[in-house]
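Remarks on the structure that follows.
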Amino acid sequence: MHTVSMRLITIVAEPVLADRLTHDIQRHGATGWTLTEGRGSGSRGTHAEEVPGSAVRLECVATEEACARILGELAERYFPFYGVVAWVMPVDVVRGDKFV
Amino acid sequence: MHTVSMRLITIVAEPVLADRLTHDIQRHGATGWTLTEGRGSGSRGTHAEEVPGSAVRLECVATEEACARILGELAERYFPFYGVVAWVMPVDVVRGDKFV
Amino acid sequence: MHTVSMRLITIVAEPVLADRLTHDIQRHGATGWTLTEGRGSGSRGTHAEEVPGSAVRLECVATEEACARILGELAERYFPFYGVVAWVMPVDVVRGDKFV
């Protein structure tokens with residue numbers, strides 16, 4: 001099975017950001033996304049630990065360049081102001097053309 | 001902590017495929033699976049972008065061989081006809097015997 | 001974009017364990033977690049395959065050391081008694097200071 005190396009970026013954020021984030025990641029070159037709802041807890045600002053609250057978990061497979069652009073926007077426009085975390089990892093996909 | 005290297009395969013698909021996909025992956029050697037419901041958007045066929053719709057997110061830890069068989073079946077029987085994407089990544093697990 | 005290498009640990013468990021597991025992972029050094037609800041099936045004990053049941057999917061980004069401690073506790077206190085699986089993978093994050 002021929003596979004192609006891509007990146008998976010996962011973003012966990014306050015639910016109010018869901019539509020804005022899906023728009024952003026598509027603008028940066030992601031061709032699709034998956035969103036699940038849950039709850040979470042994390043450190044933010046001066047709070048060592050927050051009370052658990054609702055959270056959306058957004059993930060998309062994209063090129064390394066697209067993921068870097070998405071991380072850049074998160075770091076600039078979201079991380080200082082919102083409860084948002086993100087991580088990136090390499091993944092293998094079968095149809096690489098679906099993601100560029 | 002002794003860990004064993006396995007593969008994690010994640011499949012995002014139309015909800016109508018959920019039962020068929022869980023059956024398929026077990027037939028190919030996966031011993032378990034986790035399914036969460038959400039929504040998603042992705043390219044399919046000639047459509048550059050689809051309207052977001054419901055989606056199921058199915059994941060399982062399996063051997064590299066089982067994941068290859070699952071990807072092969074997805075590529076042959078699902079990708080041409082359905083809104084399905086999948087990705088694979090290496091993971092470390094503690095009890096490798098649970099997944100074979 | 002400067003990134004830092006961390007670990008992502010994912011735990012799938014019976015819903016009754018959710019609060020105990022989130023407490024455990026924070027005690028071992030994880031600063032946050034995300035929980036989604038779904039359903040799953042897996043092998044446990046002498047049963048080759050269980051009927052699908054509700055499941056919680058808990059994930060957190062943490063240091064390699066914290067993940068090792070979490071896996072150690074899972075192996076000792078949960079794996080022998082509960083339907084629990086877990087896997088660990090390397091991830092890249094932007095703000096490494098959020099996770100230590």
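The values are calculated or read from the model by the stated rules, or taken from the named source; none is laboratory data. Since the structure is predicted, the reported quantities are computational estimates derived from the model, not experimental observations. Neighbour counts are summed over all protein chains in view; Cβ atoms, including those assigned to glycine, are modelled from backbone coordinates with ideal geometry. Just so you know, the surface numbers come from the protein's heavy atoms only, side chains and all, with ligands and any DNA or RNA stripped out. Shrake-Rupley method; radii C 1.70, N 1.55, O 1.52, S 1.80 Å.
Let me check against my output: what whole-number percent is the relative contact order of chain A, with C-alpha pairs under 8 Å and at least 6 apart? Kindly include the intermediate steps, with their values, before the conclusion.
Details: 172 pairs, mean separation 48.2, N = 100.
Over chain A, the number comes to 48 percent.
Treat each spin label as a single point 7 Å out from the Cα along the C-beta direction, and report the B:E37 to B:V16 distance in nm.
1.7
Given bins 5 angstrom wide, list per bin the percent of all Cα-Cα distances in region B:59-98, short to long.
All Cα pairs considered, the percentages come to 5, 21, 27, 21, 13, 8, 4, 1.
What nm distance separates the two modelled labels at B:A75 and A:A75, each placed 7 Å from Cα along Cα→Cβ?
Taking the two extended label points, one gets 3.5 nm.
Taking a label point 7 Å from Cα toward Cβ, how far is B:E37 from its twins in the other copies, in nm, shortest first?
1.1, 1.1
Considering only protein heavy atoms and a probe of 1.4 Å, how much of the accessible area of the protein assembly as shown is carbon and sulfur, as a whole percent? Working shown, then result.
Details: 6880 of 13220 Å².
Its accessible area is 52 percent carbon and sulfur atoms.
In a Gaussian network model over chain C where Cα atoms closer than 10 Å are linked, find which of C:V84, C:V56, C:V16 has the largest mean-square fluctuation.
Of C:V84, C:V56, C:V16, the Gaussian network model singles out C:V16 as fluctuating most.
Under the Kirkwood approximation applied to all pairs of distinct alpha-carbon atoms, what is the hydrodynamic radius of the protein assembly as shown in Å? Walk me through the numbers on the way to the answer.
On the way: mean 1/r = 0.0520 Å⁻¹.
Answer for the protein assembly as shown: a Kirkwood hydrodynamic radius of 19.2 Å.
Summing both sides, how much accessible area is buried between C and B? Use a 1.4 Å probe and give Å² to the nearest 100.
Values: alone 6320 and 6320 Å², together 10700 Å².
By this definition, chains C and B bury close to 1900 Å².
Apply the Karplus parameterisation 6.51 cos²θ - 1.76 cosθ + 1.60, with θ equal to phi minus 60°, to every residue of region A:69-76 and state each ³J(HN,Hα) to the nearest whole Hz, in sequence, with x for glycine and proline.
Using θ = phi - 60°, the values come out as 5, 5, 4, x, 5, 4, 5, 8 Hz.
If you fit an axis through the alpha-carbon atoms of helix B:18-27 and take the longest principal axis of the Cα set of chain B, what angle between them do you get, 0 to 90°, nearest 10?
30
Inter-copy label distances at B:G72, 7 Å along the Cα→beta-carbon direction, one decimal in nm, shortest first?
Spacings between copies for this position, smallest first, are 4.2, 4.2 nm.
How much area per residue is accessible in region B:4-94 when the probe is 1.4 Å and only protein heavy atoms are counted (Å²)? Intermediate values should be presented prior to the final figure.
On the way: 3760 Å² over 91 residues.
Computed with neighbouring chains in place, this is 41 Å² per residue.
Identify, for chain C, the residue whose C-beta comes nearest the rotation axis onto chain A, and round that distance to whole Å.
Residue with the nearest Cβ, plus whole-Å distance, for chain C: C:T36, 3.
Mind telling me which of B:T34, B:T63, B:T22 comes out most flexible in a GNM of chain B, alpha-carbon contacts under 10 Å?
Judging by the Gaussian network model, the answer is B:T34.
If the only charges are +1 at each Lys and Arg Cβ and -1 at each Asp and Glu Cβ, what is the size of the charge dipole of chain A around the Cα centre, to the nearest 20 debye? Please list the in-between numbers first.
Numbers: 10 positive and 13 negative charges, 23 e Å.
I would put it at about 100 debye.
Please list the equivalent ellipsoid semi-axes of region C:4-94, computed as the square roots of five times the alpha-carbon gyration tensor eigenvalues, in descending order and whole angstrom.
Working: eigenvalues 108, 35, 29 Å².
Semi-axis lengths for region C:4-94 are 23, 13, 12 Å.
Distances from B:V4 to the same residue in each other copy, label points 7 Å out along Cα→Cβ, in nm, shortest first?
Sorted ascending, the copy-to-copy spacings read 3.3, 3.3 nm.
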